[in-house]
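The values are calculated or read from the model by the stated rules, or taken from the named source; none is laboratory data. Everything numeric in this text was worked out from a predicted model, so none of it was measured. Ideal geometry is used to build each Cβ from the backbone, glycine not excepted, and the neighbour counts take in all protein chains shown.
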Amino acid sequence: MQSSGKRKDFANPFCRSIILSVGNKWVILVVLLFVTLNISAKVTPLAQDPDWSKLDPFQNLWSLESFRSELKNIYCPRESWWKPWIKFEPGQVLIRKKAGKEDWYILQCLPISKGEEKDQNLSVPLEIKTIALDPGHIGGEYAEMEGRSFRMGEDDFVKEGDLSLKVAKRIKDLLEEKGFKAILVRSNLKPVTKRKPQAFEALVETWIKERDFTNLPVEEIEILKRKRREMLFYRVSEIHARAKLINEHIQPDLTICLHLNAAPWGDENKKELVDRNDYHVLVNGCYMGGELAFDDQRFEMIFRLLSAWQKTEQIFAEKVSVSFGRKTGLPAFAYKGPNALKVGNTPGVWARNLLANRIYQCPVIFMEPYIANSKTEYERIQLGPYEGTKNFGLHPRLSLVEEYAQCLLEGILAATGK
């Protein structure tokens, strides 16, 4: 689950915040990955300084027009967001390599005559043989730490990491039956990263010193520090470990990140299941100005753009979205805020800049179907696996895991022509 523009994360069952009482005031401290973006920041937590020479193989492969079009329509829709970092000059694109410095990477572009467009790397999607299945989050004993666990009364806990792994194992079997090579990035309820929260103590101390928490009691600062250590473990280190596995070992033609969505509770103190239920699929894109201020995010955006993975992502995202809409009867979710960009004409397909779909070096589609705390899906989750279909209202439905996997399979087969 990733928060959308219209949700309040602190009210979301799959996304926690810290609410601290200071005197007679309630102060909501949302512990996000990058609290207080800084224009002078160089790289995001645990990221390395980018190696800009990795862009050298893309010299003279793109026209200026195609580069500008991809930037505007997919990767950074507002000129005010990219203008401090990217310059267009005759026959070349200049990308600022380090924040605050006049140090530019120069990308030479194709000399194309007026009206002629022939960027061959944009013409066809990649052939898909190997698919990495990335079950979102960790689950198990880590679900509460991740903020991906909830239940109503004494029911069984709904843990996103557990459900995503069940879906991954099921779709793996289905894909292999069709001749694909499908590899699980996570095969159990344990983290991929070998680092533990305490490994980030020095980073957390620096983070605390850079922010003014002097008005908070010591015990509340300690809570913030613990939450920050945990987040660096399960959200940042974990994704970087999966990226290393994907980029250096699996090297798939496509990665599918498997998640379930959730909606805000109407009242955090009196939780009730919601009526809302929908789905959407994400591709990489829509980098915002504060994100491009980080050297690593700026490099990754350019690297993904030049690698021409977007068309493959969009084809698969659209086919999967159509499949979910048809087989589930659910409406497609639509974002309201600036952190997502509608791409293409197929409902439910949006571009967002997420850590996983940014640093996994291949085409990535990021699944966000179902509202886990909706009345229908909560009931289906509580039922677990069952044979055939059961009626929910007037609609016969497979079990959630089976339906999720079948929708994915249908979309993948449609995208690959199998």
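Below are the figures for this structure:
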| quantity | calculated |
| --- | --- |
| Filtered residues of the stretch 99-125 (kept if under 20 Å from Arg304 (Cβ atoms), part of a loop (DSSP other than H, G, I, E, B) and at pLDDT 70 or above) | Ala99, Cys109 |
| Failed criterion for Asn277 (all others in (1) touching a Phe, Trp or Tyr at 6+ places or on another chain (Cβ under 8 Å); (2) free of Cβ contacts under 8 Å to residues at least 60 places away in the same chain hold) | (2) |
| Hits in the stretch 186-245 (condition: touching a Leu at 6+ places or on another chain (Cβ under 8 Å) and of a type in the set (Val, Ile, Thr)) | Val192, Val204, Ile208, Ile223, Val236, Ile239 |
| Residues located in the stretch 77-112, provided they are charged (D, E, K, R) and within 18 Å of Met288 (Cα to Cα) | Arg78, Glu79, Lys83, Lys87, Arg96, Lys97, Lys98 |
| Tally of residues being within 16 Å of Ile74 (Cα to Cα) and crowded, with 24+ Cβ neighbours inside 10 Å across the stretch 268-291 | 7 |
| Any chance Gln382 is modelled with pLDDT of 95 or more, assigned by TED's automatic domain parsing to the domain that holds Glu160, surrounded by fewer than 23 Cβ atoms within 10 Å (Cβ to Cβ) and over 21 Å from Gly285 (Cβ atoms) | yes |
| Members of the stretch 127-150 found to be crowded, with 16+ Cβ neighbours inside 10 Å and part of a loop (DSSP other than H, G, I, E, B), listed by number | Ile128, Gly136, His137, Ile138, Gly139, Gly147, Arg148 |
| Counted residues, the stretch 346-363 - those being under 19 Å from Glu291 (Cα atoms) and outside any loop (DSSP other than H, G, I, E, B) | 8 |
| Candidates Leu203, Leu174, Leu189 - the one that is of a type in the set (A, V, I, L, M, F, W, C), part of a helix (DSSP H, G or I) and surrounded by 17 or more Cβ atoms within 10 Å (Cβ to Cβ) | Leu174 |
| Pairs where the first residue, in the stretch 134-153, is in the same structural domain as Pro197 (by TED's automatic domain parsing) and under 14 Å from Lys227 (Cα atoms) and the second is modelled with pLDDT under 95 and among the basic types (Lys, Arg), C-beta under 9 Å, 6+ apart | Glu146/Arg16; Gly147/Arg16 |
| Residue check, Leu224 assigned to a loop (DSSP other than H, G, I, E, B) and either out of contact with any His (no Cβ under 9 Å at 6 or more places or on another chain) or at pLDDT 95 or above (or both) | no |
